[in-house]
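To keep things clear, I will list the structure first and then write my remarks on it.
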Amino acid sequence: MRRRAFTLIEVLVVVAIIALLVAILLPSLSRAREVSRRSVCLHNLKMLGQCWVLYHTENKGMLVYPGTTRPPTLNADWAHWYQTRAPGWVRFVEAAPTDPTSRPLREQWDAIRQGALFRYARTEEIYRCPSTRKNEARTYGGHFGIADTRDHYTNQLWLENGDPGKPYPPVWKIDQIKRPADRIAFLDDTPEDWDACWMIWAYRPAWWNILYMRHDKGTTLSFTDGHATMWRWFEPETVAYLSQPWRVGETKISSNTQSRGNRDLHRLQIGVWGFLGYTYP
């Protein structure tokens, strides 16, 4: 008895059904993968937030320096710098003044291990978002809104944050933070940010540094009470600005004014500084 073979039409129908099922399932798989990466990113930031809390708990309420520990000029006295400034949460990546990712991973990892927070978790993995590239060891950053920026010998502030003469309230102890659940500790920063310290203006409606939107037009953050969450960006001008490459944003630090009604900008400025330093005309 002769066996009946599949016709060309039947084969094409089966192939079309398979292709349709793949087209239906791929977006779901992609969304599931993104949810998984976002969960890991939030876990990492929560762990860093807990390390931040452990640091000030062990140091009589003193806050860790939110950037890399390095002198302001190449001619500065390195030993004096390290003795008179609060230790940085990570160390500066040597020989990489503009882009730490240009250095080998082992050097980037060394800068993490030498930071003030590494002793509390002892893993490099919590310093990076899983959605980033393999040559990027650190993607999170602190900020100068909660920073011990004093010279420990003179007890004078050395940071003006681009607004000379403006009264930035010095915050270097945990009891100076009035609403810990509202003050940002770390953000999902750009790995090209050489000082591991993100910046935003307080006294003008403008960005300073760019943030990355690795998670569906949103950015993950941790707060000074230890919790972590994701903020989704709503304003079209926010999404447009944060979609630019890091180096493009760096050329616009003094000219990236946004509309005064930008809710995303205001939210970040208050989360970083604890206040909004300008009013509507």
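Take the Cα of residue 244, go 7 Å toward its beta carbon, and the backbone nitrogen atoms of region 196-217 under 15 Å from that spot belong to 199-201, 205-213. Net charge of the neighbourhood of residue 61, taken over other residues with C-beta under 9 Å away and scored Lys/Arg +1, Asp/Glu -1, is +1.
Please compute the length gained on full extension between residue 113 and residue 94, using 0.36 nm multiplied by the number of residues separating them and subtracting their Cα-Cα distance. Write out the running numbers ahead of the final one.
Details: separation 19, 0.36 × 19 = 6.84 nm, distance 1.37 nm.
The residue 113-residue 94 span can extend by a further 5.5 nm.
If I take R0 = 25 Å and measure r between the Cβ atoms of residue 217 and residue 257 in this structure, what FRET efficiency does the formula 1/(1 + (r/R0)^6) give, to the nearest 0.05?
Values: r = 22 Å, r/R0 = 0.86.
Efficiency computed from Cβ-Cβ geometry: 0.70.
Taking 29 Å as the straight-line reach from the Cα of residue 60, the lysines in range (excluding those fewer than 8 positions away in the same chain) are 46, 166, 173, 178.
Note on residue 182 and residue 62: the extension gain reaches 41.3 nm, defined as 0.36 nm multiplied by sequence separation minus the Cα-Cα distance.
Using Cα positions and a limit of under 19 Å, work out the aspartates and glutamates in reach of residue 134, with same-chain residues fewer than 8 apart set aside. Answer for residue 134, where 19 Å is the Cα cut-off: 34, 99, 107, 110, 124, 125, 188, 189, 192, 193, listed by chain and number. With r defined as the distance between the Cβ atoms of residue 54 and residue 24 and R0 fixed at 45 Å, what FRET efficiency is calculated, to the nearest 0.05? E(calc), rounded to 0.05, equals 0.45.
No lab work stands behind these numbers, since they all come straight from the coordinates. Please read all numbers here as calculations on a predicted model, not as lab measurements. Note that each Cβ is placed from the backbone with ideal geometry, even for glycine, and that neighbours are counted across all protein chains shown.
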